[in-house]
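Presented below is the structure to which this report refers.
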Amino acid sequence: MKIFVSTNFTPEPLRRAFSPFEVVTGTFNDYRRILGGELGSEIKQCNALLLIIDGVELLSEVQYDLSEAAESARSYALSCGSFAEANPGLTIVATTVKFPCFGPASYSEVRGGLSRTDIEADVYNILAEASRRIPNLLLLDLARAIEYLGEKASFHVGMRYFGRFGLSATLLDLLRRQIKGLVGVPDSPPKKALAVDFDNTLWGGVVGDLGPQGIELSQEGRGRAFRNFQAVLKQLVKRGVLLVGLTKNNAMDVEEVFQRNDMMVLERDDFAVLIADWNPKSENVRLAAERLNIGLDSFVFVDDSAVERGAMKNLVPEVAVPDFPERFEDLPSWICDIVVADYFPTYSVTNEDFVKVSQYRNNAVRAEMKKALSYEEFLSSLDISLNFLVDDLDHAERISQMTRKTNQFNLTTRRYSTPEIAEMIRSNKWMVIAMSYADKLGEEGIVGVAIVDLEVRVIDSFLLSCRVIGRGVESKLMKAVFDFASKKGVKELGATFIPTPKNDVARNFLPHEGFQLMRAEKGGGVEIYSRSENVNS
Amino acid sequence: MSIRRVREIVAAELDIDAGSISDNSSSDNTKGWDSIAQIGICLALQAEFGKEFSTEEIAESMSISALCRIIDRGTPS
C-alpha cells in the first residue's frame with residue numbers, strides 16, 4: 001500500500017514514519033501545486049494522497065498575520081474538496097490545522113473578529129462537509145491529535161529550525177496509527193467481536209464473593225469508571241461491534257447482576273454471546289466464534305488477568321490481546337484510545353452495522369426453527385425476499401466494506417476501497433450488483449455482492465455474508481448476475497475460485513451452479529470456470 | 001545509551017548496512033548523511049532515547065561520536 005505525502009514543510013523525513021505503508025514524498029511545500037493541478041504520474045501510482053499541514057509553518061509563512069493565515073487555510077481546505085471530486089479514484093486524506101495555544105494578539109482575538117480558533121474551525125467545517133459529500137475524501141483530525149498529546153510533546157522546535165520539520169516522533173506515531181485506522185491495512189481488516197471478562201473488568205470485585213449488589217459499580221468513585229467503561233462498550237454495540245461475554249462465574253450469579261443491579265449500563269441483550277462457566281476461555285472463545293460464524297482472528301480479548309491474557313495469547317494466537325490498563329480509572333479512555341482506535345476503526349457506519357446485533361440474535365431464532373422443520377420447510381417458512389441493486393452509488397460504502405470483511409463465502413477475496421467501488425459503478429466496463437435480504441424475522445440489509453467485468457466477461461468478485469449462508473440465496477444472486485449481464489448483451493461468463501485458508505465453504509459453488517471447469521492449478525490451487533446463460537443448475 | 005544502537009539507527013536511516021558505520025563515521029565520510037537524513041536520524045533517536053535535540057545540537061552532531069555525546073548529556077545516569 002503506497003501513500004503519497006504532500007506537506008507545507010520538509011516531507012522527506014516522513015518516508016519511514018508511517019510503516020507499514022510505503023511513503024512517497026514530493027518536494028518542500030508542494031501541497032498547493034498538487035491540489036491546484038492535474039494528477040501527476042507519481043501520485044497516480046499510489047493508493048492514497050495524504051496532506052499534512054503544520055499550523056505553525058502556515059503562520060510563519062504569513063508572518064503571523066491572522067487574516068492571511070485564514071485565507072491560506074481556507075483555500076487549502078476548499079481545494080482538498082475540489083481535488084477529491086476531480087479524482088474520484090484516489091483516496092485523499094486531509095488533515096485539519098492546529099495553531100499554537102499562544103499568539104501575538106493574545107486574548108484580544110475573540111473581540112478582534114478573527115481568532116486562531118475561528119480559522120481552525122473553518123478548516124474543520126469545510127473538510128468535514130466535503131467528506132460527508134465526497135466518498136474518497138477522509139478527514140484526519142491533526143488538531144485533535146495535537147490536543148491529545150499537547151503542543152509541547154507534538155512539536156520538535158530543534159528540527160523545525162534546523163530543517164523545517166517540526167513534528168515530533170510521538171506525534172508521528174499517533175498519526176501513523178490514525179492513518180492505519182482511516183485507510184485500512186489490507187492484511188489486517190478491522191475486528192468484528194470484542195470478548196470481555198466480567199469481574200474486575202465490567203465491574204470492580206468478584207461477583208461470586210460480593211454478590212450481585214456488592215460489586216463495585218456506582219454513580220461516584222471508582223465504580224463510575226466501570227460504568228463509563230460499560231457505556232463505551234454499549235456505544236460500540238450500537239455501532240455494530242459484537243460483544244461477547246467470557247466469564248469464569250456461576251451463570252446464575254451473572255444473570256442476577258443483569259436482573260438486579262440497576263447500576264449496570266450493559267444489558268443481557270447487548271451480548272451477542274455470553275458464556276459463564278468454568279471452562280478455559282480459550283475453549284469458550286472458539287465456541288463463541290462457532291456460534292457467530294466468524295473467524296477467531298476477528299476477536300479482541302479484554303481481561304484484567306495477566307494469566308488469562310497469557311493463556312489466550314498462547315492457546316489461541318489468532319485472537320488479539322491488548323495489554324490491560326494498570327489503573328481501573330484508565331478503563332474508559334483506554335478502551336477508546338487503544339482498543340477502538342487500533343482494532344475497531346471505522347470512518348463510515350453503514351445501516352447494516354447499526355442493526356447487526358439484532359440480526360445475529362435473529363439467527364439464533366432461525367437456528368431453532370431449522371431444528372423443528374425440514375430444510376425446505378424451514379426455507380419457505382422464512383418468506384425470504386431479495387432485492388437486487390445494480391450500479392447503485394448510494395451503496396458503494398457497504399459494498400466496499402463487504403469486499404474487505406468477507407472471508408468465507410468469497411470466490412476471489414479481492415478487496416476494494418470505497419473510491420474503487422464508486423469508480424467501478426460509474427464505469428461501463430464493470431457491473432456491480434448488491435443483493436439485500438429480508439425475511440419475516442427482519443431485514444439483513446446488503447448481504448451479497450457480485451462484481452462483473454463486462455469487457456473481459458468474467459465474474460471478478462462474488463461474495464456472501466456468512467450470516468445468510470445456507471439459505472439458498474447464493475444461487476439467486478448468481479441467477480441475477482446472468483440476468484443483468486444478458487441485458488447488457490453478455491451471455492457467457494467466466495469465473496475464478498481462488499482458494500484461501502478461509503473460503504472452503506465456497507469451493508464447490510461454481511460447479512454446483514453449472515459452471516464448467518476450464519483449468520485448475522495443481523494441488524488445490526486457483527480454478528478457472530465458464531458458464532453460458534442457458535444452463536440449468 | 002549504547003554506541004552500537006546509535007550506529008544501527010544511523011545505518012537504518014541512511015539505508016546502508018550496519019557494518020559500514022563505525023564509531024568514527026560522520027557526514028564527511030558517509031554517503032547520504034545530509035541534513036535531510038539528519039532529521040530522520042534525530043527523529044529515530046528521539047523515539048529511542050526520548051532526547052529532544054536543540055537546533056544547534058542537530059547541526060553540530062553529524063557524526064556518531066557527537067550524537068552519542070549529546071544523547072549522554074540528556075540522559076541522567
By residue number, the members of the stretch B:13-45 that are among the aliphatic types (A, V, I, L, M) and more than 8 Å from every other protein chain (Cβ to nearest Cβ) are B:14, B:16, B:18, B:21, B:37, B:41, B:45
Residue hits (the stretch A:356-408; in a helix (DSSP H, G or I), within 20 Å of residue A:344 (Cα to Cα), modelled with pLDDT under 90 and touching a strand residue (DSSP E or B) at 6+ places or on another chain (Cβ under 8 Å)) are A:356, A:357, A:358, A:359, A:360
Subset of the stretch A:448-480, residues free of Cβ contacts under 8 Å to residues at least 40 places away in the same chain and more than 23 Å from residue A:530 (Cβ to Cβ), comes to A:468, A:470
All conditions in (1) of a type in the set (Asp, Glu); (2) farther than 16 Å from residue A:17 by Cα; (3) more than 7 Å from every other protein chain (Cβ to nearest Cβ) are true of residue B:48 except (2)
Per the list (1) within 15 Å of residue A:495 (Cβ to Cβ); (2) assigned to a strand (DSSP E or B), residue check on residue A:481 breaks on (2)
Every listed condition ((1) within 20 Å of residue A:121 (Cα to Cα); (2) buried (at least 21 other Cβ atoms within 10 Å of the Cβ)) holds for residue A:35 save (1)
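Here are some residues: A:497, A:462. Which one is surrounded by 21 or more Cβ atoms within 10 Å (Cβ to Cβ), farther than 21 Å from residue A:388 by Cα and not assigned by TED's automatic domain parsing to the domain that holds residue A:44? So that I can check it myself, show each step before the final result.
Working: A:462 fails: farther than 21 Å from residue A:388 by Cα.
Sole residue among the options that is surrounded by 21 or more Cβ atoms within 10 Å (Cβ to Cβ), farther than 21 Å from residue A:388 by Cα and not assigned by TED's automatic domain parsing to the domain that holds residue A:44: A:497.
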Margin query: Please verify whether residue A:9 is hydrophobic (A, V, I, L, M, F, W, C), at negative phi, buried (at least 23 other Cβ atoms within 10 Å of the Cβ) and within 14 Å of chain B (Cβ to nearest Cβ), treating the condition exactly as stated.
Written below: yes
Could we say that residue A:102 is part of a loop (DSSP other than H, G, I, E, B), assigned by TED's automatic domain parsing to the domain that holds residue A:167, modelled with pLDDT under 95 and within 18 Å of residue A:4 (Cα to Cα) here? no
Of the candidates A:438, A:450, A:506, A:485, the one satisfying the condition of being at pLDDT 95 or above and either farther than 21 Å from residue A:407 by Cα or assigned by TED's automatic domain parsing to the domain that holds residue A:420 (or both) is A:450
How many residues of the stretch B:1-25 are surrounded by 15 or more Cβ atoms within 10 Å (Cβ to Cβ) and of a type outside the set (Val, Ile, Thr)? The answer is 8
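Quick one: is residue A:141 surrounded by 16 or more Cβ atoms within 10 Å (Cβ to Cβ) and not aromatic (Phe, Trp, Tyr)? Please lay out each step first, then the result.
Details: surrounded by 16 or more Cβ atoms within 10 Å (Cβ to Cβ): yes; not aromatic (Phe, Trp, Tyr): yes.
So residue A:141 passes the test.
The values are calculated or read from the model by the stated rules, or taken from the named source; none is laboratory data. What you see is a predicted model, and the numbers here were worked out from it, not measured in a lab. Neighbour counts run over all protein chains shown; Cβ positions are idealised from the backbone, glycine included.
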